[in-house]
Amino acid sequence: MTTQTATQKSLVVKVEGVTKVYGVGETAVHALRGVSLEIEQGEFVAIMGASGSGKSTLMNILGCLDIPTQGDYWIRNLNVAELDEEQLSVVRSQLIGFVFQSFNLIPRTTAANNVELPLAYQGISLHKRRERAREALASVGLADRGGHEPHELSGGQQQRVAIARALVTKPAMLLADEPTGALDTQSTKEILELLHEINRSGATVIVITHEEEVARAARRMIRLRDGYVVEDVKWVA
Amino acid sequence: MGGLGLREVWRFAWRGITANRMRSSLTVLGVLIGVSSVIVLTAVGTGSAVSVQQSIQKLGTNSITVSALGGGRFSRSANSNAKQLTISDATALNDPVKAPDVKSAAPVLQANGVSCTYGNLSSSPQSVIGTWPSYFEAANSPVSAGTYWTSDDVVAGRPVVVIGTTVASDLFGTDSPLNQVIRCHGQSVTVVGVMKTKGTTGFQDGDSIVIAPITFIQRSMSGYGSISSIQVEANSATTTTAAMDEVTAIMDAQHKIKAGGSADYRVLNQASILASSNQSGHTLTVLLGIVAAISLLVGGIGITNIMLVSVTERTREIGIRKAIGAPKIAILSQFLIEAMLLSLLGGLSGVLLGVGISHFTILGVKPVVSLSSVLLAFIVSALIGLIFGGWPANRAASLRPIEALRYE
């Protein structure tokens, strides 16, 4: 991982004046109208907002899945606008861990192989990969489920496999998009507990959600409305 | 940068293929049919060309045939000015001074509609000919049993014959026909020899033949008119062309044809027949090859189709892979290898099937598999995977992760 320089302190994310416009002319949709924010190493941030507030767009930009129309985005000390597609895939591979609402595990592929996959794309040897995948699965409490395919696991278990897959590369930040949106109350509690634990061990966690309960689990809340940041509060857990 | 092991990509590709076995095997089947038909059809083409060549070669490459234009004895009306061939033409060609490259020339008189009997068995030879003893050498027709009749027999017009193996088995079965007396066209004739087996060319059975002294045929069957053709033998294969020129010069003199005038006879050499049959054999092979290539192309389109379906079906999976850091090259090679595996599986099994089928006789032709057609079919099948799989693979690799993830 990139080393921190003194001037950049421990910033993981720096977003400055980012706008995102879909389409052109009269049908253009302004998803983000100028968002600026900084997230430091080790923070647990919830990005909140109703649907249409631009939170999913912000999440896609933070995850390097989409590029801003205007404005700058630095992840660690890398200006994302200057990266080509090849380099973006390296950023996604090394610095970002994704967790999706619909789990997005690869079907017909065992939990262990799903967790291994990001390491495979990093070119890490089979032996090391197996070991790290096993560790990651153990850390989410699924040490004995490595041989199961996604359809053999419950929703909560699938999401934990997805979290293990996101963590296995030891990314700069964990980016979770409505991670509990498809789960029951009990599983939601477990997943939030797990995210807490991950954050306590030093990882930066960013959760996109529209649920107050999920946001309360974090230690900082950024609220978006109509493409603007309207609230940014921190509290001590 | 994207240092994904090749083995990894192969594993992903293999999983993609095995995930939908039925679809994959049908795609493989398309290529299999294409590849095996290329191999079998070109083998049949080559095989038929080879068999025609072999039967022509049996006739002898240094033999020259002189025949009358205008259709021979029974169609004089076709060319009223045309002179028929005569025995004196044949005699003139046996001239060591004017025709030093001609070893021998023998008149051939064909008797039509003759059948032969022995006891209550009968045979209808495709040709009954009268000639001179030199015919046997000129037509490359040695005997396998007994001997052939001599010049003495010609002079005396003796009723002696050499028969082909088909006639021999028709009349005598497995018994020896030597020195037996058979009846042909109401005449009693003695069998003195049996020709070596020559084989069949199309409908022409080279062994359904009776050969007698020309004087005997003239006296008992056809009368003393013109002859059907003259069988000339050159000294060697290399002097055949020179011999043909000499034959033409003598025949022009015999038939009083002025320089530049059109001849009323034709001089044909086996080598020229061989060349033209090579040509037609080649045409046949190419034609069959094209038919087969089309089916290979259809197999290729099948691969494109299935890969496009596969890419569409797995759009979301591609999105996930990209989101967790798969570089473009990894997605591209995964789908390319998948297409290549399909086409190579088809190619390999197609080669096995094609070579297997070519061991059987097809439509009376013994196929001859050429290594080049096997290699070509195999390489083309691999290329098909690359080319026809390339487009869908590139489409998959170029998908934007954000759109691929949203795809339902």
Worksheet, complete the sentence: Here the residues within segment A:133-144 that are away from chain B (no Cβ under 14 Å) and in a helix (DSSP H, G or I) are A:Arg134, A:Glu135, A:Leu137, A:Ala138, A:Ser139, A:Ala143, A:Asp144
Item to complete: For residues that are in contact with a helix residue (DSSP H, G or I) (Cβ under 7 Å, 6 or more places away or on another chain) and at pLDDT 80 or above, scanning just segment B:265-283, find the one that is surrounded by the most Cβ atoms within 10 Å (Cβ to Cβ).
Response: B:Tyr265
Discussion item. Among the residues of segment B:155-169, what is the count of those that are surrounded by fewer than 20 Cβ atoms within 10 Å (Cβ to Cβ), part of a helix (DSSP H, G or I) and either in contact with a Ser or Thr (Cβ under 6 Å, 6 or more places away or on another chain) or of a type outside the set (A, V, I, L, M, F, W, C) (or both)?
Written reply: 1
Worksheet entry | Filtered residues of segment B:167-192 (kept if of a type in the set (D, E, K, R) and closer than 21 Å to B:Gly206 by Cβ) | B:Asp170
Discussion item. Anything in segment A:81-95 that is free of Cβ contacts under 8 Å to residues at least 60 places away in the same chain and within 14 Å of another protein chain (Cβ to nearest Cβ)? List them, or say none.
Written reply: A:Leu83, A:Asp84, A:Glu85, A:Glu86, A:Gln87, A:Leu88, A:Ser89, A:Val90, A:Val91, A:Arg92
Worksheet, complete the sentence: Among (1) in contact with a strand residue (DSSP E or B) (Cβ under 8 Å, 6 or more places away or on another chain); (2) in a loop (DSSP other than H, G, I, E, B); (3) exposed (fewer than 13 other Cβ atoms within 10 Å of the Cβ), B:Pro177 falls short only on (3)
Discussion item. With the requirement that a residue be crowded, with 21+ Cβ neighbours inside 10 Å and assigned to a loop (DSSP other than H, G, I, E, B), what does segment A:184-228 give you?
Written reply: A:Ala203, A:Ala218, A:Gly227
Worksheet item: Give me the pairs: first residue in segment A:14-42 and on the phi > 0 side of the Ramachandran plot, second residue outside any strand (DSSP E or B) and surrounded by fewer than 14 Cβ atoms within 10 Å (Cβ to Cβ), beta-carbon distance under 7 Å, and six or more apart or on different chains, which are they?
Response: A:Gly42/A:Gly202
Fill in: Output for segment A:97-116, where each listed residue is out of contact with any strand residue (DSSP E or B) (no Cβ under 6 Å at 6 or more places or on another chain) and of a type in the set (Val, Ile, Thr)
A:Ile106, A:Thr109, A:Thr110, A:Val115
Discussion item. Quick check on this structure: which one of B:Ile306, B:Ile324, B:Ile301 is surrounded by fewer than 18 Cβ atoms within 10 Å (Cβ to Cβ) and either over 30 Å from the mean Cα position of the chain (by Cα) or more than 30 Å from B:Ser228 (Cα to Cα) (or both)?
Written reply: B:Ile301
Fill in: Filtered residues of segment A:96-110 (kept if more than 7 Å from every other protein chain (Cβ to nearest Cβ) and touching a residue at least 60 places away in the same chain (Cβ under 8 Å))
A:Ile96, A:Gly97, A:Val99, A:Phe100, A:Gln101, A:Ser102, A:Phe103, A:Leu105
Item to complete: Search segment B:254-264 for residues being among the hydrophobic types (A, V, I, L, M, F, W, C) and surrounded by 12 or more Cβ atoms within 10 Å (Cβ to Cβ), and hand back the single one that is nearest to B:Val38 (Cα to Cα).
Response: B:Ala263
Worksheet item: When residues of segment B:326-381 are filtered for being among the aliphatic types (A, V, I, L, M) and outside any helix (DSSP H, G or I), how many remain?
Response: 6
Worksheet item: Within the group B:Ser295, B:Ser310, which residue is modelled with pLDDT under 85, within 30 Å of A:Val90 (Cβ to Cβ) and either within 14 Å of chain A (Cβ to nearest Cβ) or assigned to a helix (DSSP H, G or I) (or both)?
Response: B:Ser310
Discussion item. Looking only at segment A:111-120, how many residues end up being over 18 Å from the mean Cα position of the chain (by Cα) and within 12 Å of another protein chain (Cβ to nearest Cβ)?
Written reply: 2
Worksheet item: Can you tell me which residues in segment A:48-63 are open to solvent by less than 30 Å² (accessible area, probe 1.4 Å), more than 9 Å from chain B (Cβ to nearest Cβ) and not β-branched (Val, Ile, Thr)?
Response: A:Met48, A:Gly49, A:Ser53, A:Gly54, A:Lys55, A:Leu58, A:Met59, A:Leu62
Worksheet item: Taking only pairs six or more apart or across chains, which ones have beta-carbon atoms under 8 Å, a first residue in segment B:279-296 that is within 18 Å of B:Ala377 (Cα to Cα), and a second residue that is open to solvent by 70 Å² or more (accessible area, probe 1.4 Å) and assigned to a helix (DSSP H, G or I)?
Response: B:Ser295/B:Ile33
Practice prompt. Determine whether A:Leu78 is facing chain B (nearest Cβ under 10 Å) and either in contact with a Gly (Cβ under 9 Å, 6 or more places away or on another chain) or open to solvent by 10 Å² or more (accessible area, probe 1.4 Å) (or both).
Written response: no
Worksheet item: From A:Gly147, A:Gly156, which residue is in a helix (DSSP H, G or I), farther than 30 Å from A:Ser10 by Cβ and not polar (S, T, N, Q)?
Response: A:Gly156
Item to complete: Filter segment B:376-408 down to residues that are more than 14 Å from chain A (Cβ to nearest Cβ) and open to solvent by 90 Å² or more (accessible area, probe 1.4 Å) and give me whichever is nearest to the chain's Cα centre (by Cα).
Response: B:Leu376
Worksheet, complete the sentence: Scanning segment A:186-237 for residues that are in contact with a Phe, Trp or Tyr (Cβ under 6 Å, 6 or more places away or on another chain) and over 20 Å from A:Phe100 (Cβ atoms) gives A:Arg219
Worksheet item: For segment A:94-139, which residues satisfy the criterion of being under 19 Å from B:Ile318 (Cα atoms), open to solvent by 10 Å² or more (accessible area, probe 1.4 Å) and small (Gly, Ala, Ser)?
Response: A:Ser102, A:Ala112, A:Gly123
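The values are calculated or read from the model by the stated rules, or taken from the named source; none is laboratory data. Computed from a prediction, not measured in an experiment: that's the story for all the values here. Positions of Cβ are backbone-derived with ideal geometry, glycine not excepted, and every protein chain shown enters the neighbour counts. Each accessible area value is taken on the protein alone, full model and side chains, heavy atoms only, with ligands, DNA and RNA left out. Shrake-Rupley method; radii C 1.70, N 1.55, O 1.52, S 1.80 Å.
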